[in-house]
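The values are calculated or read from the model by the stated rules, or taken from the named source; none is laboratory data. Quick caveat: nothing in here was measured; it's all calculated off a predicted structure. Here the Cβ positions follow ideal geometry from the backbone for every residue, glycine too, while neighbour counts run over all protein chains shown. All accessible areas refer to the heavy atoms of the entire protein, side chains included, with ligands and DNA or RNA removed. Shrake-Rupley method; radii C 1.70, N 1.55, O 1.52, S 1.80 Å.
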Amino acid sequence: MKSINVAIAGSGYSARLFHIPFFKSDPRFQIRKVYERSTERAKAWLPDVQIVRDYAELLTDEIDLVVITTPNQTHYAMVKQAILAKKNVLVEKPLVATSQQALELSELAKQHNITLYVYQNRRWDSHIATAKEILQKGLIGEPVDCEIRMERYAKSKNPKQWKETGEQGTGLMYDLGVHLIDQAVYLFGKPQAVFADIRSQHEDSVVDDNFDVHLYYASGLKVSLIASKYVRETNAQFALHGKLGSYLKAKADQQENLLINGIVPVGNWNAESEESWGILHTEQDNQVVRYAYPNVATSYRALFDNLYANITEKAPQLVSLEQVILVLNIIEKAFESAKLDQKIAI
């Protein structure tokens, strides 16, 4: 078994919650270095790790994989520097702020024959993985409508100041919208058009913090993607309707909350109880049925499994760079739609 030496840029929420627990519990990966400009927070989780103050110190010969969890505005330069140093890269979403920058980095990674992988972990949320199975099995017939939500309550603006600067690549569309659009692309492929309502609700906010994005498909399917920071009582987080029936899941995936509470992501670490499963209401064998549909076994670890296989065996990336570029292009078209108040072709 090949061991991959990992260097991590950043030690904030994303590194601590979504990356370090998976690397620490996987013998295929060894975390060697963490880049922090002034703090040593990573020592709390990785007491033996080397802390470096210069990003270039992550790009040394013994490092195989650089993980970038720094603010969105830094991604382009840091990813490019790592690729030119012949390092495989795992970077937090969004890859960059524009589809053109993403295309440039994708081509650069291909030229240097290295892995560039974007951390779109929410494909492995329980409702998305289960809906994928339901679609593949044809259990609701031809899909006609889908609604995916990420709703939270936050009385004040984001405490992470870099998310509130108003620079391109910040705001809720580039935070939660990237996840929701990626989920839609994963489930249904490329849409034909987009119509978007993108708003700022927090007082004095210079970034978007509420959106309602509609994707339209050639089949007639419409996918609605909704996010807000002023929702105390959430709606069903996922609703999928087809010509035979519906699949609804009220509760959001629990992996993030489990990781916040220190659960180690090994084994059946994130299995949800039956009362948290979604409801399938459809026709089977000429009978109308309604029951709790078992969640597909899923975990964010699947992304790390695929990352390892891609680096060591050149297995196809489950999160392809073509999809990453498409998601960013849809975001750009969504902002254009909101500005012009009209549907925009993709």
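A compact table of results
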quantity: Filtered trypsin sites (Lys or Arg not before Pro), the stretch 1-63: DSSP coil and at most 12 other beta carbons within 10 Å; calculated: LYS2, ARG37, ARG53
quantity: Accessible area in the full protein assembly, largest first, 1.4 Å probe, for ASP212, ASP204, ASP26; calculated: ASP204, ASP212, ASP26
quantity: Rounded percent of accessible protein surface that carbon and sulfur make up, the chain, 1.4 Å probe; calculated: 48 percent
quantity: Entries of LYS132/LYS229; LYS24/LYS249; LYS190/LYS339 with Cα pairs more than 25 Å apart; calculated: LYS132/LYS229; LYS24/LYS249
quantity: Of LEU46, MET150, PRO21, farthest towards positive along the dipole that unit charges on Lys, Arg, Asp, Glu beta carbons give the stretch 1-150; calculated: LEU46
quantity: Loop trypsin sites (Lys or Arg not before Pro), the stretch 238-280, which have at most 12 other Cβ atoms in a 10 Å radius of their Cβ (DSSP); calculated: LYS243
quantity: Relative contact order %, the chain, counting alpha carbon pairs below 8 Å whose residues are six or more apart; calculated: 18 percent
quantity: Option label - Cα extents along the principal axes in Å computed here, alternatives [x] 64, 44, 33; [y] 62, 46, 42; [z] 66, 59, 33; calculated: [y]
quantity: Solvent exposure ordering (accessible area, 1.4 Å, most first) of ASP208, ASP48; calculated: ASP48, ASP208
quantity: Candidate residues PHE18, PHE195: accessible-area rank, largest first, probe 1.4 Å; calculated: PHE195, PHE18
quantity: Heavy-atom surface of the stretch 69-129, accessible at 1.4 Å and reported per residue (Å²); calculated: 31 Å²
quantity: The chain: DSSP helices with Cα axial extent of at least 27 Å and average Kyte-Doolittle hydropathy no lower than -1.0; calculated: 321-340
quantity: Value at 222 nm in deg cm²/dmol, rounded to 500, when DSSP H runs of n ≥ 4 in the chain each add -39,500 (n - 2.57); calculated: -8000 deg cm²/dmol
quantity: Per residue accessible area of the stretch 235-293, 1.4 Å probe, in Å²; calculated: 57 Å²
quantity: GNM top mover of ASN268, ASN306, ASN88 - the chain, alpha-carbon springs below 10 Å; calculated: ASN268
